[in-house]
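Throughout, read-outs are computed from the coordinates displayed, never taken from laboratory work. All of these numbers come straight from a predicted model, not from anything done at the bench. Note that we place each Cβ from the backbone using ideal geometry, even for glycine, and neighbour counts take in every protein chain shown.
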Amino acid sequence: MARYEIEAAHLRRKIERGEYRVGETLPRIADLTAERGVSPATVRRALEVLEDEGLVRVVRGTGAIVQPPPAPRRRISRGVQIERDPSRGYIFPAAAHPGEPWQVHGKARRSMEPATATAAGVFGVPEGTSTLRRRRVTSPVGDPPFQIVDTWLSAQAVADAPQIAEPSTGPGGYLDRLEEAGHGPLTWEETTRARMPSTEEARLLSMSAAIPVLELVLVGRSASTGDPVEVTVRVIPADRVELIASLQRADSAQWPVQPVA
């Protein structure tokens, strides 16, 4: 074993035995260097190994924070059916299971923010353009933060339906306001990809920046113009979720196989 692997194993055992508890910060690199008689570079490499394993989260200026053990992966069925609840409005395929209570971590926020590359690309504006964003960090009740949900709304959407920029968007939410303003019926398309998290995303989700995230991008288009008016971006740690789909047989794949005429 390389020396950094020996040091990683030493720290791993201490974490597994509970000598360093969840939420605690490991000793400083200088302290570990003096205690173990190794170089700072060796300690840094050992911490990188633990971060890659999800055992710690390294925060600049704070240190390596011990993370909770990984929960079982949440299985999400990414269907294509959009439903509607009379009291809540549209319901999209989501991470929540039927009847499961969820919570918001901190406050749901709305503000003008520099558009990310994803949002700017959808709206066809320069990256960094000031754009209305509605943000929520959510999880099942009692769980650590599970997903960041950012809804970006185009300048045209805000001009046509000013209420979507208010704290309360009324019954049915911002989607009903957009459709009432002449953009209905909206149509949607969802794209999923994997990427590495930003520093802010890793902090909000209490995760290691060395673990990838899944980014689910839902784009809503106006029926009147065909242009995107809203894009909702969900960011979920990739080690906490797996996507499933029920495959359907087409007419050509029915069984028993029909004889060729």
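For V241, list long-range residues whose amide hydrogen, built 1.01 Å from N in the peptide plane, is under 5 Å from its own amide hydrogen.
Residues meeting the criterion, in which the H sits 1.01 Å from N, are R74.
About the Cα centre, and with charges only on the beta carbon of Lys, Arg (+1) and Asp, Glu (-1), how big is the dipole of the range 3-66? Nearest 20 debye, please.
Values: 12 positive and 11 negative charges, 21 e Å.
That gives the range 3-66 a dipole magnitude of about 100 debye.
Residues with beta-carbon under 13 Å from that of L178, excluding L178: net charge, scoring Lys, Arg +1 and Asp, Glu -1?
In short, -3.
Tell me what the chain gives for mean residue ellipticity at 222 nm when only DSSP H runs of n ≥ 4 count, each as -39,500 (n - 2.57), the sum divided by the residue total, rounded to 500 deg cm²/dmol.
Value at 222 nm, helices only: -6500 deg cm²/dmol.
Would you look at the GNM of the chain, springs on alpha carbons closer than 10 Å, and say which of S39, S206, S222 moves the most?
S39
To the nearest 20 debye, what is the magnitude of the charge dipole of the range 1-128 about its Cα centre, counting +1 on the Cβ of each Lys and Arg and -1 on the Cβ of each Asp and Glu? It would help to have the intermediate numbers written out before the result.
Values: 21 positive and 16 negative charges, 44 e Å.
Magnitude of the dipole: close to 220 debye.
Antiparallel DSSP bridges in the range 74-244: what percent, to the nearest 5? Can you show the working numbers first?
Working: 43 of 47 bridges.
Within the range 74-244, antiparallel bridges account for around 90 percent of the total.
Report the FRET efficiency, 1/(1 + (r/R0)^6), for D239 and A41, where r is their Cβ-Cβ distance and R0 is 22 Å, rounded to 0.05.
Values: r = 27 Å, r/R0 = 1.24.
Calculated value: 0.20.
Taking 8 Å as the Cα distance limit and 6 or more residues as the minimum spacing, I'd like the relative contact order of the range 143-261 as a percentage.
Reported relative contact order: 30 percent.
Filter the trypsin sites (Lys or Arg not before Pro) in the range 50-114 to those in DSSP coil with at most 10 other Cβ atoms within 10 Å of their Cβ, and list the result. Please list the in-between numbers first.
Values: sites: R57, R60, R73, R74, R75, R78, R84, R88, K107, R109, R110; in loops: R60, R73, R78, R88, K107.
Those satisfying the criteria are R60, K107.
Between E16 and R109, take the C-beta separation as r, use R0 = 30 Å, and let me know the FRET efficiency to the nearest 0.05. Walk me through the numbers on the way to the answer.
On the way: r = 38 Å, r/R0 = 1.25.
Between E16 and R109 the formula returns 0.20.
Which shape class applies to the range 3-66: rounded if a/c is under 1.5, otherwise prolate when a/b exceeds b/c and oblate if not, where a ≥ b ≥ c are the square roots of the Cα gyration tensor eigenvalues? Walk me through the numbers on the way to the answer.
On the way: a/c = 1.40, a/b = 1.23, b/c = 1.14.
Cα axes put the range 3-66 in the rounded bin.
Order 174-186, 120-132 from most to least packed using the mean count of other Cβ atoms within 10 Å.
For the peptides 174-186, 120-132, the packing ranking is 174-186, 120-132.
What residue among D239, D85, D251 has the largest mean-square fluctuation in a Gaussian network model of the chain, using Cα springs under 10 Å?
Result: D251 has the largest fluctuation of those listed.
Using +1 at the C-beta of Lys and Arg and -1 at the C-beta of Asp and Glu, which of P126, P228, W102 has the Cα lying farthest in the positive direction of the dipole of the range 74-244?
Positive-most Cα among the choices belongs to W102.
Note down the nm distance, to one decimal, between modelled labels 7 Å out along Cα→Cβ at E127 and at T199.
1.7
Kindly state, as a whole number, the per residue volume in cubic angstrom of the convex hull around the alpha carbon atoms of the chain.
Working: hull volume 57.1 nm³, N = 261.
Each residue corresponds to 219 Å³ of Cα convex hull volume.
Going through the DSSP H helices of the chain, which span 30 Å or more along their own axis at the Cα atoms while scoring at least 0.5 as a mean Kyte-Doolittle hydropathy? Kindly include the intermediate steps, with their values, before the conclusion.
On the way: long enough: none.
Span-like helices here: none at all.
Explain nothing, just the number: dipole magnitude of the chain about its Cα centre with +1 on each Lys and Arg Cβ and -1 on each Asp and Glu Cβ, in debye rounded to the nearest 20. All intermediate terms of the calculation are to be shown ahead of the outcome.
On the way: 33 positive and 33 negative charges, 151 e Å.
It works out to roughly 720 debye.
Just report the Cα centroid separation between the range 194-244 and the range 3-51, whole Å.
Each part reduced to its Cα centre gives a spacing of 32 Å.
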